[in-house]
Amino acid sequence: MLLLEAFFAPFFRRYFYYFDSYPLVIQIAIFLTVVAIVSTVIAYASILYRRYRGSRHDKKIARINPLLDEILTESIILNDDLAEGKPVEEIPLPLEKFDRPRFKTPFARQAIIERLIHYRKNFSGDIGLLLRKLYIELGLEKESFGKLKSFKWDRKVKSLIELTAMDMSIADVNILPLTNSKNRELRAEARHAYIKLSKNEPFKFFDVVSEPLLMWDQLELFKIITTTKDISIPNFARWVTYSSNKSVVAFCLKLIVHYNQQEAVPSIIKLLDNKDHYLRSNAINALGKLKADEAEDKLVQIYSSQPLDCQLEILKAIGRMGTGKNLTFLRQEFLRSSDFDIRKNAAKSIISHKQHSEEMLGELLDTATAENKLILKHCMNPLIKY
Amino acid sequence: MEQTTIWQHISNFFEGTVFVYGVSMLLMYAVLAVLSFISIRMFQKKASYADYTKILGSSLAPGISVIAPAFNEGVTIISNVRSLLTLNYPKFEVIIINDGSTDDTLQKMISEFEMVEVEFAYNEKIVSQPVKRIFKSTNRAYEKLMVIDKVNGKSKADASNAGINAAAFDYFLCTDVDCIIEKDTLLRMIKPFMDEEAKKTKEMGEPCPECGYRHVIEDSRRVIATGATLRIANSCEIDEGVITRVRPPRKWLPRFQEMEYIRAYVLGKMGWSFINCVPNVSGGLGLFDKEIAIKAGGYDHKSFGEDMDLVTRMCSYMRNNKLKYAIRYIPTTQCWTEGPPNMKVFSRQRTRWGRGLFQIMAIHKKIIFNPRYGRLGLVVFPYNLFFEFLAPIIEGMGILYYLYIIVTGQINWPFAKILLLFVFTYSVMITTLAVLWDQITYRHYKTWREVLGLCLMAFLEPFIYHPLIVVFALRGYFFFITNRKHVWGNMQRQGFGKKPQAV
Amino acid sequence: MTGANKEYKILLIEDDEIMLKVTERILLKEGFKVIVAQNGKEALQKVEEKDYDMVITDLMMPYANGFEIISKIKGDSYGANIPIIIVSSLGNEDSIMEGFRLGVDDFLKKPIMAGELLIRVKRLLARKL
């Protein structure tokens, strides 16, 4: 308190001759009032300044983009050489059209990059390649690489995004340190870039990554892996068996299903003994989608010792395999269980057996309780999807 | 003589308490302003490169059930449902609950969307008023749509519960059919859920003597709910459920509300979100983890603040089961809602809110200062108790005290004026900062005049709007204590003055 | 070739402005007539006018989504046999299946190859004859 007084009092003495005589509370109040007024004024100024800057930005973009669209449409999208099937490397680009002051500012160059990326999101194939060629010939990759050297992590992320969008290769020495960055966002983006752009061993980091892959990371990685051309797809069973990172295992299960890697089935079956029930339910789900009927008996066998989420997955898996071997098991679960979701999933799986189960369905419809009958009808109704 | 000294003590004590209270409240606001600024900057940085469209093409996107209760919304129901069906998201369903409307809401939907009654195995996980029928469309184009016709439950909570019971997906978005939702809302609001690690478990403690294994428990922080900023739709231009021009309300009462919403969401909720202490996800728009919401018992139809009540119960469920959780807010405006246009409806709404807050404090009093509930018990509830719940009471008493010392001539006018000026400038500063944060998030409104028009309301607020809120809140408390029946039945939702939306 | 395409009118529905303009130009260059709609409302109007031989549509748009527009087209005697191609950034299984169940002829996921789009358009128009 004394300290405060010693600090404030001389400050105000100059402006208020009777300031010293005020109680401390009032002195602080006066001081904070001044602070509040100053902050309010600054806030007003920044609101106005931001709006001004923003609308100027919009205007600039509105001037550049139509010009850009015209050039891009004329010389890239509707390129005559392209239409005639000339190889992309041999098509000359009208760089002189970009040779004006308006396109030379850093602002404009960034705007061009963003426009090119937008076009590439909509057009692949030869047009996409030609857009990339333009990006290189205009030297725009220098802008993107320049950002990679920035000290700000968000600039680095932006750079990586631009470079991956344009399929530019980045030297391992530049990107590998980033895959271990302390910043999570940067680390994740660097990994995505590495998988997409690295020519040798894109999946190397699956071996080393120790922290969990977030759902968002998985979504991005999945997209990159499944849409990047000429990426050599390994047998993902390797990580299912050896990885100690559960999220990597779960993610590889999804990839195995996507690529229908039947050879991975034995290693997935081994996962059924895993103690983590989430991982088990993921494994059961994958087995069902792979229609791995060699696992069917084992699934039925372990059923009774599983928690609910795994039991539901087992019921679904049997329906997906659709062999008809375990219809009586499904029927028994449908009639026995008091859990609504179990009955519903059992019913769904019985119905998905189609002609195999027609007889059983008829019998069940005749004899079931009112509620069970409703469940069956619900599952049979083509208007209800879930 | 002796009596005067006792009175003196009381008055000293009172002044001291109010002073400490006031200072800590102002300090809280300053802290929130700083925290919200940091989290908005963070969000902005990520938003500058985040590509939400990546979710669109992905088969890994989690499904979302959009749940919107409707009561006598015949005028706007078709365009509003249609606007929900055009949300950008790869995997979602829209569940409209016709909560016993007495107008043609249901008939309009049935004929417009070619709906028929289906035999639906409805599982009542949360008890609600009986569901009469469930409709699906025979037209494939509307296969995302489901309409539930139920007996009126006199509350949005009851209707929402029926929707949750019928929902197929793991997440549900709770909204109102008269809210206008921005098209990328689902993409943006699901992102915080996906930014936490996927479900995982770990083994705990010594091997169990019965089964010989170590028991496995959940070990990942789970996002249980997300929310976003809401704004007032009153003067926006709306065309068939699509906002074509955002404008601050022209009339002063809704405009005060817009200012208040911006402050509460952009400055308040974003600040809390940064330290994972979000007290409430607004009933107008919230995305929830269905499993946890059901385990927490769903909405309480008897509650006057059902949204905060549900969030509180979800948090305490997580705490009771020793699970880590988070509630996140995003600063962008995703939802526009019709604010009460006149004093009558407004007073009703705020009285109800006041009553709801009292009710929540009373029901969950065991959480307050209970370390077992972690930040819920030590931060969220104490804050709500002192700075939300007690604020109107203390303010009311303060004003009475002021009047008393004015009348008895004990007031020190120069000091009183200085203090009042201080509180006034401080509140203007906080509100102006909130508008600035909002403008940093997105440059809403077309002209700077509109922004200034909104900012200037901050100067009037302490004289006009704020006293109203205090009075209505106190009225709500009074109603709660005297347990008056809420006579307005369904009016709290219908009450938004359903005028046909301007085309 | 260019001459032969002249009589065909293609209804192009797309809410991304660039994509709309660029696709329009691509089709124009091939000699098609193009009717454009930038949102669900415009699209439904154009569908009402019943003056098109083929439809290329996006899925996510304001006012009415692509599925709704497709079902309007298919539900009418004029549109029942009109070929429809979906061009969308939605590419999950559910959306694709939903499209085909509604009776569309092709589903292209963005990013698209312009050449591919043209080949599919021409093939569908040839089949129609």
For this session: Using just the alpha carbons, could you tell me how many Å³ per residue the convex hull of region A:142-232 encloses?
Result: 93 Å³
Exercise. Which residue, A:THR367, A:THR33, A:THR73, tops the fluctuation ranking in a GNM of chain A built on C-alpha contacts under 10 Å?
Worked result: A:THR33
Problem set entry | Computed E for A:VAL35/B:ILE275 - FRET, C-beta separation, R0 22 angstrom, nearest 0.05 | 0.35
Exercise. Which residues' amide hydrogens lie under 5 Å from the amide hydrogen of B:CYS335, considering only partners 5 or more residues apart or on another chain, with H built in the peptide plane?
Worked result: B:GLU182, B:ARG231
Problem set entry | Helix-only [θ]222 nm of chain A, DSSP H runs n ≥ 4, -39500 (n - 2.57) each, per residue, nearest 500 | -20500 deg cm²/dmol
Problem set entry | Solvent-accessible surface ranking, highest first, for B:VAL278, B:VAL18 at 1.4 angstrom | B:VAL18, B:VAL278
Exercise. How high is the relative contact order of chain A, in percent, with contacts defined as C-alpha pairs under 8 Å that are six or more residues apart?
Worked result: 6 percent
For this session: Determine how large the accessible area of B:ILE481 is when every protein chain is in place; take a 1.4 Å probe and give Å² rounded to the nearest 10.
Result: 120 Å²
For this session: Return the residues of region A:199-234 for which accessible area with all protein chains present is lower than in the chain on its own by 20 Å² or more; set the probe to 1.4 Å and exclude ligands, DNA and RNA.
Result: A:PRO212, A:LEU214, A:MET215, A:TRP216, A:LEU219, A:GLU220, A:PHE222, A:LYS223
Exercise. If you find the alpha carbon centre of region A:145-209 and of region A:50-81, how far apart are they in angstrom?
Worked result: 29 Å
Exercise. Where the accessible area of chain A is counted over protein heavy atoms with a 1.4 Å probe, how much of it, in %, is carbon and sulfur?
Worked result: 56 percent
Problem set entry | Model label zone, A:ASP167; criterion: amide N under 20 Å from point 7 Å along Cα-to-beta-carbon; scope region A:47-87 | A:72-73, A:75-87
For this session: Output the relative contact order of region A:142-232, whole-number percent, from Cα pairs under 8 angstrom with separation of 6+ residues.
Result: 22 percent
For this session: List the accessible area buried at the contact between B and A, summed over both sides and calculated with a 1.4 Å probe, in Å² to the nearest 100.
Result: 5800 Å²
Problem set entry | Nearest-ten-degree value, helix A:125-137 long axis tilted from longest Cα axis of chain A | 30 degrees
Exercise. Expressed as a whole percentage, what fraction of the accessible surface of chain B belongs to carbon and sulfur atoms when a 1.4 Å probe is rolled over the protein heavy atoms?
Worked result: 61 percent
Exercise. Helix B:2-47 versus the longest principal axis of chain B: what angle, 0 to 90°, nearest 10, using Cα atoms?
Worked result: 40 degrees
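With a ≥ b ≥ c taken as the square roots of the eigenvalues of the C-alpha gyration tensor of region C:2-128, please select rounded if a/c is under 1.5 and otherwise prolate if a/b is larger than b/c or oblate if it is not?
rounded
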Exercise. In nm, to one decimal, how far is the modelled label at B:ARG449 from the one at B:LEU390, with both set 7 Å along Cα→Cβ?
Worked result: 4.7 nm
For this session: Mind giving me the nanometre distance, one decimal, between the label points for B:MET28 and A:GLN355, set 7 Å out from Cα along Cα→Cβ?
Result: 7.1 nm
Problem set entry | Interface B:C - total buried accessible surface [probe 1.4 Å, Å², rounded to 100] | 1800 Å²
For this session: Could you please state how large a percent of the accessible area of region C:2-128 is carbon and sulfur, counting protein chains only and using a 1.4 Å probe?
Result: 50 percent
Problem set entry | Average accessible surface area per residue within region C:2-128, 1.4 Å rolling probe, Å² | 39 Å²
Exercise. Under a 1.4 Å probe, what is the accessible area of region A:142-232 per residue, stated in Å²?
Worked result: 47 Å²
For this session: Subtracting the Cα-Cα distance from 0.36 nm times the residue separation, let me have the gained length for B:ARG250 to B:LEU323 in nm, one decimal.
Result: 21.6 nm
Exercise. Quick one: which bits of region B:32-62 get at least 50 Å² less accessible when the partner protein chains are in, versus the chain alone, with a 1.4 Å probe?
Worked result: B:LYS45, B:TYR49, B:LYS54, B:LEU56, B:GLY57, B:LEU60
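Any idea of the accessible area per residue across region A:308-386, 1.4 Å probe, to the nearest Å²?
Spelled out: the 1.4 Å probe surface of region A:308-386, per residue, equals 47 Å².
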Seminar exercise, completed: Once normalised by the length of chain B, the mean sequence separation of its alpha carbon contacts under 8 Å that are 6 or more apart gives a contact order in percent of 17 percent
Exercise. B:HIS364 accessible area, nearest 10 Å², 1.4 Å probe?
Worked result: 10 Å²
Problem set entry | Spacing of the two label points (7 Å from each Cα toward its C-beta) at C:ASN81 and B:ILE363, in nm | 6.2 nm
Problem set entry | Debye intensity ratio in log₁₀ form over the Cα atoms of the protein assembly as shown, taken at each q of 0.04, 0.08 Å⁻¹ | -0.23, -0.93
Problem set entry | Backbone N under 19 Å from the A:SER210 label point (7 Å along Cα→Cβ), restricted to region A:137-181 | A:176-181
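The values are calculated or read from the model by the stated rules, or taken from the named source; none is laboratory data. Everything numeric here is computed off the predicted structure, so don't read it as measured data. Cβ: placed from backbone, ideal geometry, glycine included. Neighbour counts: every protein chain shown. Just so you know, the surface numbers come from the protein's heavy atoms only, side chains and all, with ligands and any DNA or RNA stripped out. Shrake-Rupley method; radii C 1.70, N 1.55, O 1.52, S 1.80 Å.
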